[in-house]
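The values are calculated or read from the model by the stated rules, or taken from the named source; none is laboratory data. For clarity, every value in this text was computed on a predicted model and none was experimentally measured. All Cβ positions, glycine included, derive from the backbone under ideal geometry; neighbour counts span all protein chains shown. These area figures cover heavy atoms from the full protein model, side chains too; ligands, DNA and RNA do not enter into them. Shrake-Rupley method; radii C 1.70, N 1.55, O 1.52, S 1.80 Å.
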Amino acid sequence: MTRQAPLLLVVDDDAAIRRAIATELAAAGFLTVEAADGEEALERFREVEPDLVLTDLAMPRRDGLSLVRELRRTSSTPIVVLSVRGEEEDKVRALDAGADDYLTKPFSMRELMARVRAQLRRAGSSAPSLRRFPDLEIDLDRRRVLQGEREVHLTPTELALLDLLSSHPGKPLTFRQIIARVWRGAPATSPDTVRVHMGTLRRKLEPDPAEPRYIATEPWVGYRFLAEPLDL
Amino acid sequence: MHRSPSERGLALAAVVAAVAATTLAGRLLGANATTAGFLFLLAVLFLTLRWGLLAGAAASIASTLAFNYFFLPPLHTLSISDPANWAALAAFGITAIVTGRLVAAERHRAEEAEGKRRDTQTLYDLCFGLFTATNRPGRLDEAAAHTLAALGAVRGGLVLVEGGRARCVWTNGETDSIANEPGVGEAIASEQVVELTATAGARRQAAPLAVGGRLSGALVVSGGRTSPELLASAGRLLALAIERDRLIEQSTRSEALAASDRLKTALLRAVSHDLRSPLTAMAIDLEALLRDTPESSPDRARLLVVARERERLGRRVDQLLTAARLEAGLLHPHLEPIPPAELFRAARENLELVLAGRKVEIEIARDCPDLATDAALVIEALVNLIENAARLSPPHSDLRLSAVAKGGGGGGGGEDRARWSPMVVLEVADRGPGLPAGLAEQFADAASGSRATTSLPLPSFSEGGRGGLGLAIVRQLAVACGGSFELRDRAGGGASARLILPAFRPGEADAEVTPE
């Protein structure tokens, strides 16, 4: 199947939001399909095989969390969750279940576009072992991190954390996901362990602690790598 | 085996009658010495079986005498001519006593078994009564009365130790003063059955009630004929029943609380969703309209006003929902270390339109540690304060956000460190008109460290200016995160709002865990 523009499935029980998002996405050159609840979303998903799913969390019939779980059983299509405040725990659950990003309502369309583009760009591509970001170069084969001309010396844990974060630029990673990948789910590992190592990594990496450039804390969730990758 | 005096008399009469009857029967039948001996043995066995060991022993002696007197030559004397008859008499006597003892022992065992069976039956009935539907949970009086009835007693009382003091919770035919009776205290302290002073001829005992240190008390039993062992067991059963009732009550209460929390959470989520969804739709359309309206168009300024007001409405909704969550006790801070710079950045991102074109100065002290706080709550507080400052100060005056360490790690010695937890002060300073009279005092208590206070009265909406719901929520958010909030006039004009929040101390986390 060939398409001129990426196709996005917009799932929200609120018709006004659905229409507004769809209109804006269309104006930005995307194709859209709408669904009013989780069940309808599953049907549409099977029909049109979209390139990305935007979904609300609280919906009748099948909620967003359940939709994410169901989609992730068979598909790796990027999913961006739209939540409202007060749904923090559901949001974290959706991320753990396989959602790729979230936006808290009300959000700005500019931000939504940026997240959608980042997800589409990343979809299907695997991170290379040599990654370049503004003022930062990560060479995993040689286990070397350069900040400008200066080499940053990282412990194996810090390097593993940086590897994980920088391979998902812009994507929020939950503590559970970080522990699963970096600590291989070691049972004694707590979010505090992650925080301590993340703290030392940040001190070595961030040139100005008042203006974090690379790693942002996502309240309640975990961390997000901020820098945009430079094309090699 | 305790026998009353009248029973003892009856037993004695029976012994005399039986020995006399046997003698008479032997004489009338013309029985020889051997036959007579057997007849006397029968009498002894019968008496022992019926009246016990003492009667048997008495019968043995009386029979021996009667046997000698009436059946062993020379008759009618207590002397014996033939030495062989001495042996016969001795054999008779010994046989009578030994068989008597054997029979008595057997009888005793049977009685004991019967007693135990009765006790077991009593305890089983009690157990059944206390732990099945016939006993309504939570009814101490019914449980205690049931226990007394099972023990064959009518009068008694229940004493429970609550908050270190023994208190009489139920009585029947006893007075509340049993709570102070020394024997009852002794039973509670020693967890042993204690014999109390009898009243009106009725035996009184106190049985301890104890379940693993969680329950302590005593049951006073007056009347009835209960062994201490049975009483102790009954006490244990009653204690278990009371403990079970308490646990049922507790779990019912906590289930009700949890259900109410779930309901409140669901309600607030629904409200949150319903209020924020239209705001989201508005935001998206406004953004599109703004994008499509040229800078030169007179509509643009109007659209900007609408967009700004929509943002403001969104923040009011946030505030109201936060206030509702605080009020409902549903706000549970999620503390995590976060650098102050990230808090400032997130707060500013929330206020894009409000801060458009305004210079915001950010200063984070070099030695300022990260905070250990709920970022979402602190960002909300900062958004509130920055919005206030921006709204009340001249459009091009400077706004200053700063973070400095306070206490603990700042410069204090080791002792200070233990006494003062290190804090971080986040300050929002403006060049507005300063504080209205009285407002600083209103917030002074929060600054003086009354941390436990979470529900200070909210200033009314009508106060306007810097008062209103916003600042009260800011204070509550700070308190919820283990900090405080203070307002003061800024040197050189304007106001300074400060959130004083706990600093993150890395030593508290497990820094030693490393991956494979």
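Remark: pairs (first residue in the range A:45-56, free of Cβ contacts under 8 Å to residues at least 60 places away in the same chain; second residue buried (at least 20 other Cβ atoms within 10 Å of the Cβ) and hydroxyl-bearing (Ser, Thr, Tyr); Cβ separation under 8 Å; 6+ apart in sequence or on different chains) = A:56/A:83. Entry remark, the range A:135-150: residues being touching a residue at least 40 places away in the same chain (Cβ under 8 Å) and either open to solvent by 50 Å² or more (accessible area, probe 1.4 Å) or in contact with a helix residue (DSSP H, G or I) (Cβ under 6 Å, 6 or more places away or on another chain) (or both) number 1 in total. Screening residue B:335 on (1) under 25 Å from residue B:473 (Cα atoms); (2) buried (at least 18 other Cβ atoms within 10 Å of the Cβ) shows it passes everything except condition (2).
Output yes when any residue across the range A:133-140 is within 14 Å of another protein chain (Cβ to nearest Cβ) and touching a Phe, Trp or Tyr at 6+ places or on another chain (Cβ under 7 Å), and no when none is.
For the range A:133-140, residues within 14 Å of another protein chain (Cβ to nearest Cβ) and touching a Phe, Trp or Tyr at 6+ places or on another chain (Cβ under 7 Å): absent.
Scanning the range A:167-198 for residues that are open to solvent by less than 20 Å² (accessible area, probe 1.4 Å), facing chain B (nearest Cβ under 7 Å) and not polar (S, T, N, Q), we see that the one that is nearest to residue A:123 (Cα to Cα) is A:182.
Among the residues of the range B:283-297, how many are more than 7 Å from every other protein chain (Cβ to nearest Cβ), within 23 Å of residue B:315 (Cβ to Cβ) and free of Cβ contacts under 8 Å to residues at least 12 places away in the same chain?
Taking the range B:283-297 first, the residues more than 7 Å from every other protein chain (Cβ to nearest Cβ) are B:286, B:289-297.
Right, trim to within 23 Å of residue B:315 (Cβ to Cβ) and you get B:286, B:289-291.
Remaining after also requiring free of Cβ contacts under 8 Å to residues at least 12 places away in the same chain: B:291.
The number of residues fulfilling the criteria is 1.
Taking the criterion of being among the small types (Gly, Ala, Ser) and farther than 18 Å from residue B:242 by Cα, the residues of the range B:198-231 that qualify are B:198, B:200, B:201, B:202, B:222, B:223, B:224, B:227.
Within the option set B:259, B:288, B:283, being aliphatic (A, V, I, L, M) and either on the phi > 0 side of the Ramachandran plot or out of contact with any helix residue (DSSP H, G or I) (no Cβ under 7 Å at 6 or more places or on another chain) (or both) holds for one residue only, B:259. Test residue B:284 against the criterion of being open to solvent by less than 70 Å² (accessible area, probe 1.4 Å) and either of a type in the set (Ser, Thr, Tyr) or over 51 Å from the mean Cα position of the chain (by Cα) (or both), and give yes or no. Against the criterion (open to solvent by less than 70 Å² (accessible area, probe 1.4 Å) and either of a type in the set (Ser, Thr, Tyr) or over 51 Å from the mean Cα position of the chain (by Cα) (or both)), residue B:284 qualifies. Per the listing B:312, B:345, the residue uniquely basic (Lys, Arg), more than 10 Å from chain A (Cβ to nearest Cβ) and open to solvent by 20 Å² or more (accessible area, probe 1.4 Å) is B:312. Considering only the range A:174-185, I want to know if a residue exists there that is polar (S, T, N, Q) and closer than 23 Å to residue A:90 by Cβ. Scanning the range A:174-185, I find at least one residue that is polar (S, T, N, Q) and closer than 23 Å to residue A:90 by Cβ, so the answer is yes. Checked against the criteria, residue B:160 does not count as touching a residue at least 24 places away in the same chain (Cβ under 8 Å), open to solvent by 50 Å² or more (accessible area, probe 1.4 Å) and not small (Gly, Ala, Ser). Scan the range B:39-68 for residues that are in a helix (DSSP H, G or I), out of contact with any Phe, Trp or Tyr (no Cβ under 8 Å at 6 or more places or on another chain), surrounded by 19 or more Cβ atoms within 10 Å (Cβ to Cβ) and in contact (Cβ under 8 Å) with a residue 24 or more places away in the chain and jot them down. Of everything in the range B:39-68, those that are in a helix (DSSP H, G or I), out of contact with any Phe, Trp or Tyr (no Cβ under 8 Å at 6 or more places or on another chain), surrounded by 19 or more Cβ atoms within 10 Å (Cβ to Cβ) and in contact (Cβ under 8 Å) with a residue 24 or more places away in the chain turn out to be B:43, B:44, B:47, B:48, B:51, B:55, B:56, B:57, B:58, B:59, B:60, B:62. When the range A:94-114 is filtered for residues that are within 14 Å of another protein chain (Cβ to nearest Cβ) and either charged (D, E, K, R) or under 15 Å from the mean Cα position of the chain (by Cα) (or both), the ones remaining, listed by number, are A:102, A:103, A:104, A:105, A:110, A:111, A:112, A:113, A:114. The criterion of at least 2 residues that are among the β-branched types (Val, Ile, Thr) and either under 24 Å from residue B:139 (Cβ atoms) or open to solvent by less than 40 Å² (accessible area, probe 1.4 Å) (or both) is met, among strands (runs of 3 or more DSSP E) falling completely within the range B:169-279, by B:215-222. The set of residues in the range A:213-232 being within 21 Å of the chain's Cα centre (by Cα) and open to solvent by 20 Å² or more (accessible area, probe 1.4 Å) consists of A:213, A:218, A:219, A:220, A:226, A:228, A:229, A:230, A:231. Pairs are defined by a Cβ separation below 9 Å, a sequence spacing of at least 6 or placement on different chains, a first member in the range A:192-203 that is among the small types (Gly, Ala, Ser), and a second member that is open to solvent by less than 30 Å² (accessible area, probe 1.4 Å) and at pLDDT below 85; the pairs so defined are A:199/B:337; A:199/B:509. Within the set A:143, A:117, A:110, the sole residue that is out of contact with any strand residue (DSSP E or B) (no Cβ under 9 Å at 6 or more places or on another chain) and at positive phi turns out to be A:143.
One residue is enough: does the range A:151-163 have a residue meeting the conditions away from chain B (no Cβ under 14 Å) and either closer than 30 Å to residue B:328 by Cβ or in contact (Cβ under 8 Å) with a residue 12 or more places away in the chain (or both)? Checked the range A:151-163: at least one residue is away from chain B (no Cβ under 14 Å) and either closer than 30 Å to residue B:328 by Cβ or in contact (Cβ under 8 Å) with a residue 12 or more places away in the chain (or both). Does the range A:125-133 include one or more residues that are touching a helix residue (DSSP H, G or I) at 6+ places or on another chain (Cβ under 8 Å) and at pLDDT 85 or above? Checking the range A:125-133: at least one residue is touching a helix residue (DSSP H, G or I) at 6+ places or on another chain (Cβ under 8 Å) and at pLDDT 85 or above. Scanning the range B:69-89 for residues that are farther than 15 Å from residue B:43 by Cβ, part of a helix (DSSP H, G or I) and open to solvent by less than 50 Å² (accessible area, probe 1.4 Å) yields a total of 3. Count of the range B:45-67 residues, restricted to those that are touching a Ser or Thr at 6+ places or on another chain (Cβ under 8 Å) and either aromatic (Phe, Trp, Tyr) or within 18 Å of residue B:27 (Cα to Cα) (or both), is 2. In the range B:366-379, the qualifying residues are those that are open to solvent by less than 30 Å² (accessible area, probe 1.4 Å) and over 38 Å from the mean Cα position of the chain (by Cα), and the one that is nearest to residue B:504 (Cα to Cα) is B:368.
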